[in-house]
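Down below is the structure, laid out as C-alpha coordinates.
The values are calculated or read from the model by the stated rules, or taken from the named source; none is laboratory data. From a predicted model like this one, the values you see are computed outputs, not experimental measurements. No Cβ is skipped: glycine too gets one built from the backbone with ideal geometry, and neighbour counts run over all protein chains shown. In case anyone asks, the SASA skips ligands and DNA or RNA and just uses the protein heavy atoms, side chains included. Shrake-Rupley method; radii C 1.70, N 1.55, O 1.52, S 1.80 Å.
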Amino acid sequence: ETGVTQTPRHLVMGMTNKKSLKCEQHLGHNAMYWYKQSAKKPLELMFVYSLEERVENNSVPSRFSPECPNSSHLFLHLHTLQPEDSALYLCASSRGGLFLYNEQFFGPGTRLTVL
Amino acid sequence: ELKVEQNPLFLSMQEGKNYTIYCNYSTTSDRLYWYRQDPGKSLESLFVLLSNGAVKQEGRLMASLDTKARLSTLHITAAVHDLSATYFCAVDIWKVSGGGADGLTFGKGTHLIIQP
(Lines give C-alpha, C1' and ligand atoms only; values in the text may rest on other atoms or scores of the structure.)
Protein backbone atom coordinates (compact mmCIF):
# COMPACT_ATOMS: atom_id res chain seq x y z
CA GLU A 1 0.00 0.00 0.00
CA THR A 2 1.18 3.48 -0.78
CA GLY A 3 0.02 6.97 0.08
CA VAL A 4 -3.11 7.36 2.16
CA THR A 5 -5.73 4.63 2.27
CA GLN A 6 -9.25 4.74 3.65
CA THR A 7 -11.78 2.04 4.45
CA PRO A 8 -14.55 1.49 3.79
CA ARG A 9 -14.94 3.34 0.52
CA HIS A 10 -18.72 3.36 0.80
CA LEU A 11 -20.89 3.17 3.91
CA VAL A 12 -24.64 3.23 4.40
CA MET A 13 -25.88 3.47 7.95
CA GLY A 14 -29.04 4.16 9.88
CA MET A 15 -29.28 6.99 12.36
CA THR A 16 -29.04 4.60 15.32
CA ASN A 17 -25.99 2.71 14.07
CA LYS A 18 -22.41 2.99 15.24
CA LYS A 19 -19.67 2.69 12.69
CA SER A 20 -16.03 3.68 12.25
CA LEU A 21 -14.00 5.03 9.37
CA LYS A 22 -10.37 4.05 9.12
CA CYS A 23 -7.44 5.92 7.58
CA GLU A 24 -3.85 4.76 7.22
CA GLN A 25 -0.93 6.72 5.84
CA HIS A 26 2.23 5.09 4.48
CA LEU A 27 4.20 8.32 4.01
CA GLY A 28 5.96 8.61 7.35
CA HIS A 29 4.03 11.78 8.16
CA ASN A 30 3.39 13.16 11.63
CA ALA A 31 0.08 14.96 11.12
CA MET A 32 -3.30 13.61 10.07
CA TYR A 33 -6.61 15.28 9.30
CA TRP A 34 -10.29 14.60 8.76
CA TYR A 35 -12.24 16.72 6.27
CA LYS A 36 -15.88 16.63 5.24
CA GLN A 37 -16.89 17.32 1.64
CA SER A 38 -20.58 17.79 0.93
CA ALA A 39 -22.29 18.96 -2.20
CA LYS A 40 -23.35 22.32 -0.84
CA LYS A 41 -20.29 23.43 1.10
CA PRO A 42 -16.57 23.77 0.54
CA LEU A 43 -14.25 21.23 2.06
CA GLU A 44 -14.57 21.56 5.83
CA LEU A 45 -11.81 20.75 8.27
CA MET A 46 -13.02 18.55 11.12
CA PHE A 47 -10.02 17.41 13.16
CA VAL A 48 -6.25 17.80 13.19
CA TYR A 49 -3.82 15.45 14.90
CA SER A 50 -0.11 16.10 15.29
CA LEU A 51 2.09 13.37 16.72
CA GLU A 52 -1.05 11.54 17.86
CA GLU A 53 -2.37 14.51 19.82
CA ARG A 54 -5.46 16.38 18.77
CA VAL A 55 -4.50 19.97 18.09
CA GLU A 56 -7.71 21.23 16.56
CA ASN A 57 -11.36 20.37 16.77
CA ASN A 58 -13.23 22.56 14.37
CA SER A 59 -16.55 22.79 16.24
CA VAL A 60 -17.60 19.33 15.17
CA PRO A 61 -20.67 17.73 16.82
CA SER A 62 -19.91 15.10 19.43
CA ARG A 63 -21.54 12.39 17.32
CA PHE A 64 -18.20 12.39 15.48
CA SER A 65 -15.36 11.08 17.63
CA PRO A 66 -11.80 10.86 16.30
CA GLU A 67 -9.07 8.55 17.48
CA CYS A 68 -5.38 8.54 16.58
CA PRO A 69 -3.62 5.56 18.16
CA ASN A 70 -0.33 6.23 16.35
CA SER A 71 1.03 8.53 13.68
CA SER A 72 0.03 6.15 10.88
CA HIS A 73 -3.60 5.48 11.78
CA LEU A 74 -6.62 7.68 12.23
CA PHE A 75 -10.19 6.69 12.96
CA LEU A 76 -13.49 8.52 12.91
CA HIS A 77 -16.12 6.91 15.10
CA LEU A 78 -19.70 7.67 14.14
CA HIS A 79 -22.85 7.32 16.24
CA THR A 80 -26.40 8.60 16.04
CA LEU A 81 -25.72 10.50 12.84
CA GLN A 82 -28.23 12.65 10.99
CA PRO A 83 -29.09 12.50 7.28
CA GLU A 84 -27.32 15.84 6.79
CA ASP A 85 -24.08 14.11 7.79
CA SER A 86 -24.14 12.25 4.48
CA ALA A 87 -20.99 13.35 2.64
CA LEU A 88 -17.57 12.32 1.43
CA TYR A 89 -15.17 12.06 4.37
CA LEU A 90 -11.57 12.61 3.42
CA CYS A 91 -8.49 11.78 5.42
CA ALA A 92 -5.21 13.56 4.78
CA SER A 93 -1.68 13.55 6.14
CA SER A 94 1.26 15.93 6.09
CA ARG A 95 4.78 16.04 7.41
CA GLY A 96 3.82 18.31 10.29
CA GLY A 97 6.47 19.42 12.73
CA LEU A 98 8.28 22.61 11.88
CA PHE A 99 8.42 21.79 8.20
CA LEU A 100 8.33 24.81 5.91
CA TYR A 101 4.97 24.03 4.38
CA ASN A 102 1.93 21.94 5.01
CA GLU A 103 1.24 20.09 1.77
CA GLN A 104 -1.43 17.55 2.55
CA PHE A 105 -1.94 14.23 0.81
CA PHE A 106 -5.45 12.93 0.65
CA GLY A 107 -6.95 9.46 0.73
CA PRO A 108 -9.70 8.32 -1.65
CA GLY A 109 -12.45 9.13 0.85
CA THR A 110 -15.40 7.29 2.34
CA ARG A 111 -18.76 8.06 0.78
CA LEU A 112 -21.18 8.01 3.74
CA THR A 113 -24.94 7.86 3.39
CA VAL A 114 -27.10 8.19 6.51
CA LEU A 115 -30.65 6.94 6.14
CA GLU B 1 -11.47 34.07 10.07
CA LEU B 2 -9.57 33.00 6.99
CA LYS B 3 -11.69 33.04 3.84
CA VAL B 4 -10.79 31.80 0.40
CA GLU B 5 -12.74 32.78 -2.70
CA GLN B 6 -12.34 31.29 -6.13
CA ASN B 7 -13.73 32.48 -9.39
CA PRO B 8 -15.19 31.43 -11.60
CA LEU B 9 -16.92 28.51 -9.88
CA PHE B 10 -17.84 26.98 -13.19
CA LEU B 11 -16.00 27.21 -16.48
CA SER B 12 -16.70 25.60 -19.79
CA MET B 13 -14.11 26.11 -22.46
CA GLN B 14 -12.94 24.65 -25.74
CA GLU B 15 -9.78 22.74 -26.32
CA GLY B 16 -6.88 24.89 -27.39
CA LYS B 17 -8.01 27.97 -25.48
CA ASN B 18 -6.31 29.71 -22.58
CA TYR B 19 -7.94 30.65 -19.34
CA THR B 20 -7.20 31.71 -15.77
CA ILE B 21 -8.75 30.73 -12.44
CA TYR B 22 -8.46 33.24 -9.61
CA CYS B 23 -8.07 32.62 -5.91
CA ASN B 24 -8.36 35.43 -3.36
CA TYR B 25 -7.84 34.99 0.35
CA SER B 26 -8.60 37.25 3.28
CA THR B 27 -5.67 36.98 5.68
CA THR B 28 -1.96 37.42 5.25
CA SER B 29 -0.47 34.09 4.30
CA ASP B 30 2.45 33.01 2.20
CA ARG B 31 1.47 29.40 1.80
CA LEU B 32 -0.95 28.55 -0.95
CA TYR B 33 -1.86 25.19 -2.46
CA TRP B 34 -3.62 24.07 -5.61
CA TYR B 35 -5.39 20.72 -5.83
CA ARG B 36 -7.22 18.86 -8.55
CA GLN B 37 -10.20 16.59 -8.01
CA ASP B 38 -11.66 14.28 -10.67
CA PRO B 39 -15.30 13.17 -10.30
CA GLY B 40 -15.64 10.56 -7.59
CA LYS B 41 -11.96 10.77 -6.76
CA SER B 42 -9.83 12.31 -4.08
CA LEU B 43 -7.72 15.46 -4.18
CA GLU B 44 -4.40 15.47 -5.96
CA SER B 45 -1.78 18.05 -5.00
CA LEU B 46 -0.71 20.18 -7.96
CA PHE B 47 1.32 23.11 -6.65
CA VAL B 48 2.69 24.54 -3.42
CA LEU B 49 3.45 28.27 -3.54
CA LEU B 50 5.47 29.65 -0.66
CA SER B 51 6.51 33.20 -1.36
CA ASN B 52 5.49 36.38 -3.08
CA GLY B 53 6.11 36.14 -6.80
CA ALA B 54 6.37 32.36 -6.75
CA VAL B 55 5.56 30.76 -10.08
CA LYS B 56 5.33 27.05 -10.78
CA GLN B 57 4.52 25.23 -13.99
CA GLU B 58 3.60 21.68 -14.80
CA GLY B 59 2.64 20.91 -18.36
CA ARG B 60 -0.20 23.19 -19.42
CA LEU B 61 -0.81 24.50 -15.91
CA MET B 62 0.98 27.44 -14.34
CA ALA B 63 0.33 28.82 -10.86
CA SER B 64 1.47 32.10 -9.39
CA LEU B 65 1.22 33.88 -6.06
CA ASP B 66 1.00 37.57 -5.18
CA THR B 67 0.96 37.79 -1.39
CA LYS B 68 0.55 41.56 -1.38
CA ALA B 69 -2.67 41.31 -3.37
CA ARG B 70 -3.60 38.06 -1.57
CA LEU B 71 -4.16 36.53 -4.95
CA SER B 72 -3.13 33.35 -6.69
CA THR B 73 -3.86 32.40 -10.28
CA LEU B 74 -3.96 29.08 -12.07
CA HIS B 75 -3.43 29.57 -15.79
CA ILE B 76 -4.36 26.94 -18.32
CA THR B 77 -2.60 27.08 -21.66
CA ALA B 78 -4.01 25.42 -24.78
CA ALA B 79 -6.49 23.38 -22.77
CA VAL B 80 -7.02 19.70 -23.49
CA HIS B 81 -9.93 17.50 -22.46
CA ASP B 82 -7.84 15.62 -19.87
CA LEU B 83 -7.66 18.77 -17.78
CA SER B 84 -11.39 18.65 -17.10
CA ALA B 85 -11.73 18.45 -13.31
CA THR B 86 -12.51 20.57 -10.27
CA TYR B 87 -9.63 22.74 -9.12
CA PHE B 88 -9.30 23.93 -5.53
CA CYS B 89 -7.03 26.48 -3.99
CA ALA B 90 -6.29 26.32 -0.27
CA VAL B 91 -4.47 28.46 2.24
CA ASP B 92 -3.07 27.96 5.69
CA ILE B 93 -1.22 30.03 8.21
CA TRP B 94 2.01 28.66 9.58
CA LYS B 95 2.06 28.53 13.33
CA VAL B 96 4.45 27.13 15.86
CA SER B 97 1.72 25.84 18.15
CA GLY B 98 0.03 22.61 17.26
CA GLY B 99 3.27 21.03 16.19
CA GLY B 100 3.20 22.86 12.89
CA ALA B 101 0.11 21.02 11.74
CA ASP B 102 -2.77 23.13 10.54
CA GLY B 103 -5.88 22.46 8.55
CA LEU B 104 -6.21 23.99 5.13
CA THR B 105 -8.98 26.44 4.30
CA PHE B 106 -10.32 25.66 0.86
CA GLY B 107 -12.14 27.67 -1.75
CA LYS B 108 -15.37 26.29 -3.19
CA GLY B 109 -13.57 24.93 -6.22
CA THR B 110 -13.73 25.71 -9.94
CA HIS B 111 -15.53 23.07 -11.97
CA LEU B 112 -13.75 23.06 -15.31
CA ILE B 113 -15.14 21.38 -18.41
CA ILE B 114 -13.05 21.34 -21.56
CA GLN B 115 -14.93 20.42 -24.67
CA PRO B 116 -13.35 19.03 -27.83
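Please report the relative contact order for chain A, taking Cα pairs under 8 Å with a sequence separation of at least 6, and give it as a percent rounded to a whole number.
RCO, chain A: 36 percent.
Can you give the FRET efficiency for B:Tyr22 and B:Asp82, using 1/(1 + (r/R0)^6), R0 = 25 Å, r = Cβ-Cβ distance, to the nearest 0.05?
The formula returns an efficiency of 0.65 here.
Grab the Cα-Cα distance for B:Ser51 and B:Ser12, subtract it from 0.36 nm times how many residues apart they are, and report the gain in nm with one decimal.
Length gained between B:Ser51 and B:Ser12: 11.0 nm.
Carbon and sulfur: what percent of region A:14-115's accessible surface (1.4 Å probe)? Spell out each step's value before the answer.
On the way: 2300 of 4720 Å².
Here it works out to 49 percent.
Among B:Thr27, B:Gly59, B:Met13, whose Cα projects farthest towards the positive end of the dipole of chain B, with charges put on the beta-carbon of Lys, Arg (+1) and Asp, Glu (-1)?
Comparing the listed Cα positions along the dipole, B:Thr27 ranks first.
Buried by at least 40 Å² relative to the chain on its own: which residues of region A:43-61 qualify, computing accessible area with a 1.4 Å probe on protein heavy atoms?
A:Leu43
Can you spot the lysines whose alpha carbon is less than 25 Å from A:Lys22's alpha carbon? Ignore those fewer than 8 places along the same chain.
A:Lys36, A:Lys40, A:Lys41, B:Lys41
By residue number, which cysteines of the protein assembly as shown lack any other Cys whose Cβ falls under 4.7 Å from their Cβ?
Cysteines lacking a close Cβ partner in the protein assembly as shown: A:Cys68.
How big a patch of accessible area, both sides summed and in Å² to the nearest 100, lies buried between B and A at a 1.4 Å probe?
Roughly 1900 Å² of accessible surface disappears when B and A pair.
When the C-alpha atoms of region B:1-45 are aligned to their principal axes, what extent does each axis show, in angstrom, from largest down?
36, 23, 16
Give the accessible surface of chain B per residue, rounded to a whole number of Å², with probe radius 1.4 Å and ligands, DNA and RNA excluded.
48 Å²
Taking the radius of gyration and the Kirkwood hydrodynamic radius from Cα positions alone, what is the Rg/Rh ratio for chain A, to two decimal places?
Numbers: Rg = 13.5 Å, Rh = 14.1 Å.
Result: Rg/Rh = 0.95.
How much accessible area per residue does chain A have, counting only protein heavy atoms and a probe of 1.4 Å, in square angstrom?
Dividing the accessible area of chain A by its residue count gives 48 Å².
Per 10 Å bin from zero, what fraction in whole % of the C-alpha pairs of chain B is there, up to the bin with the longest pair?
Per 10 Å bin, starting at 0, the Cα pair percentages come out as 15, 47, 30, 8, 1.
Take B:Glu58 and A:Glu53, extend 7 Å from each Cα along the Cα→Cβ direction, and tell me the distance between the two endpoints in nm.
3.3 nm
Go through region A:20-35 and flag every residue whose accessible area shrinks by 30 Å² or more with all protein chains in place compared to the isolated chain (probe 1.4 Å).
A:Tyr35
Give me a single rounded figure for B:10-23: the average over its residues of other chain Cβ atoms within 10 Å of their Cβ.
0
Which distance in Å, rounded to a whole number, links the C-alpha centroids of region B:11-67 and region A:39-115?
Here the answer is 24 Å between Cα centres.
When the accessible area of each residue in region A:72-115 is compared between its chain alone and the complete protein assembly (1.4 Å probe; ligands, DNA and RNA ignored), which residues differ by at least 30 Å², being lower in the assembly?
Correct list: A:Gly97, A:Leu98, A:Leu100, A:Tyr101, A:Asn102, A:Glu103, A:Gln104, A:Phe106.
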